[in-house]
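The values are calculated or read from the model by the stated rules, or taken from the named source; none is laboratory data. For clarity, every value in this text was computed on a predicted model and none was experimentally measured. Here the Cβ positions follow ideal geometry from the backbone for every residue, glycine too, while neighbour counts run over all protein chains shown. The accessibility values were calculated without ligands, DNA or RNA, using every heavy atom of the protein model including side chains. Shrake-Rupley method; radii C 1.70, N 1.55, O 1.52, S 1.80 Å.
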Amino acid sequence: MIGKLKDLSFNRDGSQNVTVTVSSDFSQMYEELKDQQITVEIKKASKHRSLSANAYAWVLLDQIAARSGVKVSEVYRNAIREIGGVSTMVGMKDEAIPGFQESWQKGHLGRQIEIIPGSTKPGWSNVKIWFGSSEFDSAQMARFIDSLIQDAEALGIPTISDKEAEKMLG
């Protein structure tokens, strides 16, 4: 659901009220969830990629895997690591890493983590976290498909024209 942040107020007990305006009808969900504990995620709205872009990415991934003899899942995960802007670095307690990794990757083939040595804080590690393509915005998906097209062409796999790719990716 797309909305806009409208107001932020502070209560005496330290809690905060956030007001969000939405253009679609929220009344039914409000009635179902009011006075219950909920999870809220607020992030900047971005243009979503088209399903045809996602479908074409998987066609390319499948053809690259078939031509190279590498599992599709491995081609996919490697391709994600090759493009920029789809990862972040966080500091994390060493003891929390296994649980975080399990929950982060559960049900998401593209989500990955890598422990980067060199934390200056004892008992902590730097962890690089990659997002999966289902979480990519249009610009990230365009870079992902461009990278796949280059890989496919290097293997002699026919791809769509630049004009077709531009039209598909918007």
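This table checks each residue for (1) closer than 14 Å to residue 56 by Cα; (2) at pLDDT 95 or above; (3) among the hydrophobic types (A, V, I, L, M, F, W, C).
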| site | (1), (2), (3) |
| --- | --- |
| 112 | no, yes, no |
| 120 | no, no, no |
| 136 | no, no, yes |
| 139 | no, no, yes |
| 154 | no, yes, yes |
| 158 | yes, no, no |
| 161 | yes, no, no |
| 164 | yes, no, no |
| 167 | yes, no, no |
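Would you be able to say whether some residue in region 26-49 is out of contact with any helix residue (DSSP H, G or I) (no Cβ under 6 Å at 6 or more places or on another chain), closer than 30 Å to residue 166 by Cα and surrounded by 14 or more Cβ atoms within 10 Å (Cβ to Cβ)?
Within region 26-49 (the criterion being out of contact with any helix residue (DSSP H, G or I) (no Cβ under 6 Å at 6 or more places or on another chain), closer than 30 Å to residue 166 by Cα and surrounded by 14 or more Cβ atoms within 10 Å (Cβ to Cβ)), the answer is no, since none of the residues qualifies.
Identify, please: which residue in region 49-83 is farther than 18 Å from residue 134 by Cβ and among the hydrophobic types (A, V, I, L, M, F, W, C) and is, among those, farthest from the chain's Cα centre (by Cα)?
66
Considering every residue within region 95-107, establish whether at least one is surrounded by 15 or more Cβ atoms within 10 Å (Cβ to Cβ) and in contact with an Asp or Glu (Cβ under 9 Å, 6 or more places away or on another chain).
no
Return yes when residue 14 is under 30 Å from residue 156 (Cα atoms), in a loop (DSSP other than H, G, I, E, B) and not polar (S, T, N, Q) and no when it is not.
It is false that residue 14 is under 30 Å from residue 156 (Cα atoms), in a loop (DSSP other than H, G, I, E, B) and not polar (S, T, N, Q).
Hey, can you tell me all the residues within region 108-130 that are open to solvent by 70 Å² or more (accessible area, probe 1.4 Å) and in contact (Cβ under 8 Å) with a residue 24 or more places away in the chain?
109, 121, 124
Among 64, 42, which is part of a helix (DSSP H, G or I) and in contact (Cβ under 8 Å) with a residue 12 or more places away in the chain?
Among 64, 42, only 64 is part of a helix (DSSP H, G or I) and in contact (Cβ under 8 Å) with a residue 12 or more places away in the chain.
Give the residue, chosen from 15, 52, 73, 87, that is open to solvent by 60 Å² or more (accessible area, probe 1.4 Å) and of a type in the set (S, T, N, Q).
It is 52.
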